[in-house]
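The values are calculated or read from the model by the stated rules, or taken from the named source; none is laboratory data. In this text, all values refer to a predicted model and were calculated from it rather than measured experimentally. Heads up, the Cβs are rebuilt from the backbone with ideal geometry, glycines too, and the neighbour counts pull from every protein chain shown.
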Amino acid sequence: MKKGMTYEAVVEELEYGGKAKVLIEGESVEVKNVLPGQRVLVRITKKRRNRIQGKVLEILETSPLEVEETCKHFGKCGGCFMQSIPYEEQLEMKEKQVLKLLEEREIRIGKILPADRSPKVYEYRNKMEFTFGDEEKGGEITLGMHKKGRHHDVVTVDGCRIMDEDFRKIQMAVLDFAKERELPQYNSMKHEGFLRHLVVRKGFYTGEIVVNLVTSTQREEDFMPLVERVKNLDLQGHLHGFLHSKNDQLADMVQSDEMIVLYGNPDYTDHLFDLKFQISPYSFFQTNTPGAEVLYQNVVEFIGEIGNKVVYDLYCGTGTIAQVLAKDAKKVIGVEIVEEAVKKAKENAALNGIENCEFIAGDVKKVLSTIEEKPDTIVVDPPREGIHPKAVKDLIDFNVEEIVYVSCNPKSLADNLVEFQNAGYRVVKLKAVDLFPHTSHIETIVLLTKK
């Protein structure tokens, strides 16, 4: 077997994150975005002593699991690759993948609770980040998601089923405007061009919509006619704000050097249970609002009685978990590195009349050792990379009886749990909660207690 050679193979098992292994000439080859049972044509792209990688050139036969109707972009768009499998099968597969990762690291689990499904399986996203580009090199401008297996090609996903109709209408209004004005898309390889991203956020319960158009500074354009066009769309929700963010950073990601409010308010409001949250343009808020309520209700149940306890909420974002817990806790202290999110967390606490929450801006691994008031219980909800090793050591040093770990990445969760287990903690119970139907992602909650 050599690099560049092609083979036919059948996908055996799907691993977490969309990767899978196929057996070719007695050797295991790693491929992406395939489903168990598919017969695929694979080209070998890398061959090393301990790892062989391949790229799927064509799906020759579908999997027996594939029975669901898919959106018209399925197979082209790089997202939702599990969409052709019935949702209950997706949920079962993802739960097994989480457990396999923990078993491989010899994490002992006391009780495994059944996974919770998302309350909405389609049209569940309250935020979409679209990219400007082209589907073929030199082709007509597109606005949508990256093409499957090709980061620099973009598919206009006007039929995407995980976003609601308002998102699709706004997406196409912006794309039509760009075509009419012949505005050039930004080329992330050459760092040339104008239109970069379009971000649309919508309050699930309030219907408030904020549009954020991200461009470079390589051109000037009057976007007020576009604002009026979006205002006049027949939407189920209503336009609450329209922003123009200018970004000349080299990284191909949504960020802002300067933000101009063209219309309305940059923040929008949504609810979780009986609490209100104002969400700023660049602050984190779970992208599946009813799914987040299921997730946080599980956190409350995992944490149990906290009436006389001080609770740390680490990586707290805009303070959603902290404020959900505040009504039962003696005090909640939230720590978050993004200053804008901490500012918004304080405002949200005031909005909800919560007085027993304190929010600190800073890096968890640096701030933990400086907080004078020590915790009785800790809740952690870190980013995808997990908890920094120094922060793990600080958490262990607190010697609290229980830690509730909420994770969006079972791989980093598993790595962190090895350290906690070695320090004398045990996983009492575990539950997976799906906030991302049709994708490879899933949230996981574990309750750790001191032996």
Okay, helices (runs of 4 or more DSSP H) sitting entirely in segment 312-386 with 1 or more residues that are over 19 Å from the mean Cα position of the chain (by Cα) and surrounded by fewer than 17 Cβ atoms within 10 Å (Cβ to Cβ), I get 339-351, 364-367
(1) surrounded by fewer than 20 Cβ atoms within 10 Å (Cβ to Cβ); (2) at pLDDT 95 or above all hold for TYR268 apart from (1)
Query raised in the report: Looking at this structure, is LEU233 outside the structural domain of ILE442 (by TED's automatic domain parsing), more than 24 Å from THR449 (Cα to Cα), touching a Lys or Arg at 6+ places or on another chain (Cβ under 6 Å) and not in a strand (DSSP E or B)?
Result: yes
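Residue by residue, here is whether (1) over 30 Å from MET82 (Cα atoms); (2) without any contact (Cβ under 8 Å) to a residue 12 or more places away in the chain holds:
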residue: VAL157; (1), (2): no, no
residue: ALA173; (1), (2): no, no
residue: LYS179; (1), (2): yes, no
residue: GLU182; (1), (2): yes, yes
residue: VAL200; (1), (2): no, no
residue: PHE223; (1), (2): yes, no
residue: LEU226; (1), (2): yes, no
For segment 140-154, pairs from a residue that is in the same structural domain as ARG43 (by TED's automatic domain parsing) to a residue that is part of a strand (DSSP E or B) and of a type outside the set (Lys, Arg), with Cβ under 8 Å and 6 or more apart or across chains, are none
Checked segment 392-451 for anything over 23 Å from VAL335 (Cβ atoms), surrounded by fewer than 17 Cβ atoms within 10 Å (Cβ to Cβ) and polar (S, T, N, Q); matches are ASN422
The one condition VAL67 fails out of (1) loosely packed, with under 15 Cβ neighbours inside 10 Å; (2) touching a Ser or Thr at 6+ places or on another chain (Cβ under 9 Å); (3) assigned to a strand (DSSP E or B); (4) not aromatic (Phe, Trp, Tyr) is (3)
Within segment 162-188, residues at pLDDT 95 or above and either among the hydroxyl-bearing types (Ser, Thr, Tyr) or assigned to a loop (DSSP other than H, G, I, E, B) (or both) come out as ILE162, MET163, GLU182, LEU183, PRO184, TYR186
Residue set GLY193, GLY149; condition on the phi > 0 side of the Ramachandran plot and surrounded by 18 or more Cβ atoms within 10 Å (Cβ to Cβ); output residue GLY193
Considering segment 189-204, residues that are outside any strand (DSSP E or B) and touching a Pro at 6+ places or on another chain (Cβ under 9 Å), and then whichever is farthest from LYS246 (Cα to Cα), we arrive at PHE204
Selection status of SER188, within 30 Å of VAL428 (Cβ to Cβ) and among the hydroxyl-bearing types (Ser, Thr, Tyr)
no
Within segment 70-101, restricting to residues that are more than 26 Å from SER407 (Cβ to Cβ) and either over 25 Å from the mean Cα position of the chain (by Cα) or hydroxyl-bearing (Ser, Thr, Tyr) (or both), the one that is surrounded by the most Cβ atoms within 10 Å (Cβ to Cβ) is SER84
Next on the checklist: Can you confirm whether GLU228 is in contact with a helix residue (DSSP H, G or I) (Cβ under 8 Å, 6 or more places away or on another chain) and either of a type outside the set (A, V, I, L, M, F, W, C) or over 15 Å from TYR263 (Cβ atoms) (or both)?
Outcome noted: no
